[in-house]
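Derivation of every value follows stated rules applied to the coordinates shown; laboratory data play no part. Since the model is a prediction, treat every value here as computed from it, not as a measurement. Glycine gets a Cβ as well: all are built from the backbone with ideal geometry, and neighbour counts include every protein chain shown.
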Amino acid sequence: MYLKSLEIQGFKSFPDRISLTFDKGLTAVVGPNGSGKSNIGDSVRWVLGEQSTKTLRGNKMEDVIFSGTVARKPMGFAAVTLNIDNSDRKIDIMANEIAVTRKLYRSGESEYSINGKPCRLKDINELFMDTGLGRDGYSIIGQGRIAEIVGAKSNERRDIFEEAAGISKFRYKKLEAERKLSSAQENLVRLTDILAELESRVEPLKNQAQKAEKFLKLADERKKLEISVWINQLDELREKQVQLDEKILAAKGEYTALENDIRRQEEKSQEGFRKMQECTMRSDEIRRKMIEEEQLSSEKKSKIAVCENDIKHCEETIKISEKNIKDSADTEKDIIKRKEDSQKKLTQLKSQQENIRKELKSLETNLENAENKNSLLGNDVRTASDEINSLNIKQSELKITIESAEKTIEEENSRLEKLKQSSQDSEKTLSDYVGKSEENKRLVAENQENLRLISEKLENCENLLKSKKQEFEKSKTDFESIIYELKDRRQRRKILSDLENNMEGFAGSVKQILKAAKHGRLDGVCGTVAQNISVEQKYAVAVETALGNAMQNIIVENENNAKSCIKFLKEQKGGRATFLPVTSVKGRELYEQGLENCRGFVAAADKILGYDRKFQGIISNLLGRTVICEDIDSAAETAKKYNYKFKIVTLDGQVINAGGSFTGGSAQKSGGIITRKNEIEKLDADIERLSAERDRADENTVRLREETDKIRLERENLRKQLLEYNNEAVRLNAEISSLESLISQANSQSENSEKFVSDSENKISQAEKTISESETSLSEIQGKISRAEEILAKGQKDRENLRLERADLSEKISQLKIKDTEILKDCQSQELEISRADDDIQALKDENISRRQEIKNQNEIILRKKQDIENLKKELGSMKSNTQDYIEQINKYQQMHNEQTRLVNEIKSGLKTLNEAKEKLSGEINRMTERNDIIIRDSDEIVSQLHEVYELSRSEASEIAEKIDDMTDAQRKLREIKGKISSLGTVNVGAIDEYREVSERYKFMSSQVKDVQKSKAELEQIISSLTDEMCRIFKENFEIINSNFKDIFRELFGGGQAELILTDPENILESGIEISVAPPGKVIKNLISLSGGEQAFIAIAIYFAILKLRPAPFCILDEIDAALDEVNVRKYAQYLKNFTDTTQFVLVTHRRSAMEEANVLYGVTMQEDGISKLLKLDVEQVDFQEEN
């Protein structure tokens, strides 16, 4: 057997499929570090089943798959195939060639195959066991692992020696035998326990079986007699049911007729309500129209008020204008009077001026005469005198000019003071007018904003009022609906309460017991089963059906209470009843694995009830073995699955009895005791809920009515505010218009006053200038007069008198001229006053024209406004007539509403009578139906008992039953049989079959124990023989390996001593293996003190010793010569030649000496990063190239 080839694809650095072929001898694999040489050895180890990722130099098994490079994608799998020549049949397979393949996918899936056939890892391990191959063999020595042979602990070296000694297969068989022995021991212990348990049961079961056979005989007698009694009772119940059915049918016919009458009356009532609602809706619609017209009317009234206010404002404006015209007439009269006075004064002044001028002319004539006289005097005197006269005249004129100017200044200052005071008054008045106008404009703006806000509020108020009205109507409708529904619920509650209080549906005997207990005549009575349980409505039908007549069973405290109740019924001849003492009735639980997982399973019947925990036993007794399912299909499926062992009831009342019979059909609509109880509870909850809803609806209606009234009141207030703001706006606008007119007049007067002030200031300035110039001239003239008088002073004395005369005349002339000038000024002043009066009169006339035009305009506005008011009043008049029509229509609909209310009340009264009759008839039907239900339940209970006790249908039971002539005698016999059965005590009917089954099983188990004991002994013998054989083989082969090691060590090291020593020779299979060596010239106490190369060489010597004993077909040695020097490498390589006849060697090496000893070279390169490539070379070719 030898290695033919190795095929690799996708393994580590070999993504492409490669194939390495091997010949006998040495094959060397060479290449630089990191090129992937060691991956070849890893691939062989991996294909032989290696599971350790650490040994394969990875973190996880997926790491052996090519992971890709920068330029190449990763592979999805790794596959390695090892092809071995098996022509010598060293491996026990009928094939000349063996191909072992391992394939791993990146998803984690792994495949093994031998010759293309899938196999297990275990198969590969067994295939190569004791061949030196395999994952635990010594055929593959990994990189750096050779030194572990020396460095490992003594007990860790055993694996390689056991494989070399050929006992690994024996150890594998021994382990298998020990596992089987452990399993046999466990089976023996279990079988022994079972046998002991069966042995303890055989004798008691034998006694129970004998007792059961006696019971079965009595049970057959009881069955026949009890079935006969039950069939006779069923016949009696059937007759009663037929009679009740006839009565119920007649009552239902009458009930249907009443329902039809009630429906017709209710339809009439609903029609009445509809008409009432229609009347209400129409009335509301008319009211809405009235409200809209009221709003429109309010708007028109507001417009009328605005028009009236406008008229009032116009009239006030006319009055003001007329008053101004009247005042202007008075003012004109005053001005005319002032003008006339000025004209009179002017006439007087002109007359005075004329007189003065006449006198001045006379004086000038006298002065001329004087001058003529003076002319006779000397020329000098004359000249001086002329000059003095001339200067005196100029002096007089200048004085007149100064005085006139001063008077002008005084007059103008006085006038200016008056004008300034008038201007200040005008400015103050104008400021007041402007302030009032601005304030009124601000008030108008505020008024407009308030009008906008009030309008928005009014609009919101209207919308809110409309919304609240709708809510009110809806709340009112809801309230009436709740009232009707609440009344209906209360009527139904009263009927059911009467039935409950009268204990309708209960048998007479049950009623008597409960009444006696209520009055204290009986103690310990807890009530019926139905009264002591509560159940959800959805389970009510199922529970009623499951309980049947047991709902009327009476629960009592103990057996004595039950006896007292039976005695009471017997004395009162009240019939029969079933009593359930709390102390004696025990429950029957249902234990079936996986029941809750069945399709349609709802619950065990006893688990969905509410009850006092002290009644646990009773409830479990009645319903403990009853299951509730959703429908008949799921119930049938569940019953079949559990072989009809227990009773199943569906939610709609269908029954599958124990034994397999079915009971079902339509459920009674009237409801049983539990349904009635649940309905009362539901009605109580509904009444409480509806009462709360009624109160809330009533409160909501009252609240909405109050809110509606409040909003309506707020709307009226907003309308009033809107009207007030409109009136205020009209008044403010009128005042603003009047003030603007007054401001215009004040501005005109102010402009005139400014003009007059400017004229006066100019005159004053001119007068002051004139005074200044005149005073300067006067000063010069006085100097000239003084000089001329000095000349005159030299004249003659007679001239003095002439001078005096002349001076007097000059003075008089001067005075007259002054006076003439004054008069002239006064005339000018009067003429100016007259001119001003004329201007004022013309201004008054112009203003009056403007005022008359304003009066005309205001009158026209008044006429238009009056026309508008007349039109609006006509429209209001037509609206008032519409309002009257609306009121009449509302009254009409109100009468119709009242009439419909009266009719509805009459219908309600009739409905009340019909409903009372219906309720009475319903109660009677319910009572008869419940009696019928009781009969049906009694019948069903008997049928159910037939199913539960004997697993018979009624028809099957009728075939078995015999006719009973004397029911009392039959029941007495039945009691006697039951007494005999009771005297037997607890009977295990299944003990007969169980005894037979247990006895047979006991015999079978006894034989099984013997077989297991025999197998155990055989396994112990096998293990002992295997152990002996393993010890013998290992000892013999170990001695050979030790001898080989000694020789090879001396040969490789050139002398020295070496030995392999067992640490525990007495326990050879568990003993560790120590290595003792002494190289030439050295004393070694511990292997650690050796160099790395020496340790590697010792390990190689041990490896050669093993190969010498048991050569492996092929070996892969991965750089085990790495620690050796060149001399030892050559020794190592040459020594390998000794084994090439029996073993192929694949050397992974860097050493030249090892390469030289090889027959074939495989070069591994990595031309592309991360991808290994192979190159095969023959050593001779290499040498030949080197020689050339």
Open item on the list: Less than 21 Å apart at the alpha-carbon level, and either on another chain or at least 8 residues along: which lysines does that give for Lys1131?
Closed with: Lys24, Lys1046, Lys1082, Lys1108
TODO: Would you mind checking the tilt of helix 673-793 against the longest principal axis of the Cα atoms of the chain, expressed as 0 to 90 degrees and rounded to 10?
DONE: 30 degrees
TODO: Of the listed pairs Lys418/Lys763; Lys319/Lys418; Lys563/Lys978, which have alpha-carbon separations greater than 21 Å here?
DONE: Lys319/Lys418
TODO: Could you pull out every one of the aspartates and glutamates with an alpha carbon less than 12 Å from that of Lys54, ignoring same-chain neighbours closer than 8 positions?
DONE: Asp42, Asp63
TODO: Describe numerically, in nm with one decimal, the distance between label points set 7 Å from Cα along Cα→Cβ at Thr53 and at Thr429.
DONE: 11.5 nm
Task: Approximate spin-label separation Asp966-Lys755, in nm, with each point projected 7 Å along Cα-to-Cβ - done: 15.7 nm
Task: Sorted peptide list for 1093-1104, 317-328, 1058-1069, criterion being average Cβ within 10 angstrom, highest first - done: 1093-1104, 317-328, 1058-1069
Task: Signed unit charges on C-beta, dipole axis of the chain, positive-most listed residue Pro15, Asn560, Leu416 - done: Asn560
TODO: Quick one: go through the range 811-843 and flag any residue whose amide nitrogen is under 18 Å from the point 7 Å out along the Cα-to-Cβ line of Lys350.
DONE: 820-838
Task: Farthest positive-ward along the chain dipole, Cα basis, beta-carbon charges - from Leu430, Ala251, Ser475 - done: Ala251
Open item on the list: At 0.36 nm per residue, and after removing the present C-alpha to C-alpha distance, how many nm does the segment from Glu299 to Asn187 gain when stretched out fully?
Closed with: 29.2 nm
Open item on the list: Can you work out the Karplus-derived ³J(HN,Hα) for every residue in the range 330-336? Use 6.51 cos²θ - 1.76 cosθ + 1.60 with θ = phi - 60°, whole Hz, and x for glycine or proline.
Closed with: 4, 4, 4, 4, 4, 5, 5
Open item on the list: Can you tell me the orientation of helix 537-547 relative to the chain, as the angle in degrees between its alpha-carbon axis and the longest Cα principal axis, to the nearest 10?
Closed with: 30 degrees
- [ ] Measure nothing but the geometry: give the 0 to 90° angle between the long axis through the Cα atoms of 38-47 and the longest principal axis through the Cα atoms of the chain, rounded to 10°.
- [x] 60 degrees
TODO: Any of Lys339/Lys812; Lys333/Lys769; Lys223/Lys647; Lys90/Lys1014 with alpha carbons more than 31 Å apart? Name them for me.
DONE: Lys339/Lys812; Lys333/Lys769; Lys90/Lys1014
- [ ] Give the long-range amide H neighbours of Phe1114: residues separated by 5 or more places, or on another chain, with amide H under 5 Å away, using H modelled in the peptide plane at 1.01 Å from N.
- [x] Gln1144
Task: the chain - charge dipole about Cα centre, Lys and Arg +1 at Cβ, Asp and Glu -1, debye rounded to 20 - done: 4600 debye
Task: Positive dipole terminus of the chain, leading residue within Val229, Phe128, Thr1063 (C-beta point charges) - done: Val229
Task: Hz values of 3J(HN,Hα) by residue in the range 1100-1106 - Karplus curve (6.51, -1.76, 1.60), Gly and Pro given as x - done: 5, 4, 4, 4, 5, 5, 5
- [ ] Run down the lysines and flag those whose C-alpha is under 24 Å from the C-alpha of Lys641, throwing out any fewer than 8 positions away in its chain.
- [x] Lys607
TODO: Compute the FRET efficiency between Asp612 and Asp684 as 1/(1 + (r/R0)^6), taking r as their Cβ-Cβ distance and R0 = 30 Å, and round to the nearest 0.05.
DONE: 0.90
Open item on the list: For the ranges 1162-1175, 506-519, what's the packing order if you count other beta-carbon atoms within 10 Å of each residue, average per peptide, and put the highest first?
Closed with: 506-519, 1162-1175
Open item on the list: Please give the charge dipole size of the range 873-987, origin at the Cα centre, charges +1 on K and R Cβ atoms and -1 on D and E Cβ atoms. Round to the nearest 20 debye.
Closed with: 960 debye
Open item on the list: With 55 Å as the cut-off, how large is the P(r) tail for the chain, expressed as percent of Cα-Cα pairs?
Closed with: 70 percent
Task: the range 552-655, dipole about Cα centre (Lys/Arg Cβ +1, Asp/Glu Cβ -1), debye to the nearest 20 - done: 580 debye
TODO: Extending each Cα 7 Å along its Cβ direction at Met94 and Ser584, get the distance between those two points in nm, one decimal.
DONE: 8.3 nm
Open item on the list: At a threshold of 8 angstrom on Cα-Cα distance, excluding pairs fewer than six apart, so keeping six or more, what relative contact order does the chain reach in percent?
Closed with: 28 percent
Task: Peptides 548-554, 1150-1156 ordered by average Cβ neighbours within 10 Å, highest first - done: 548-554, 1150-1156
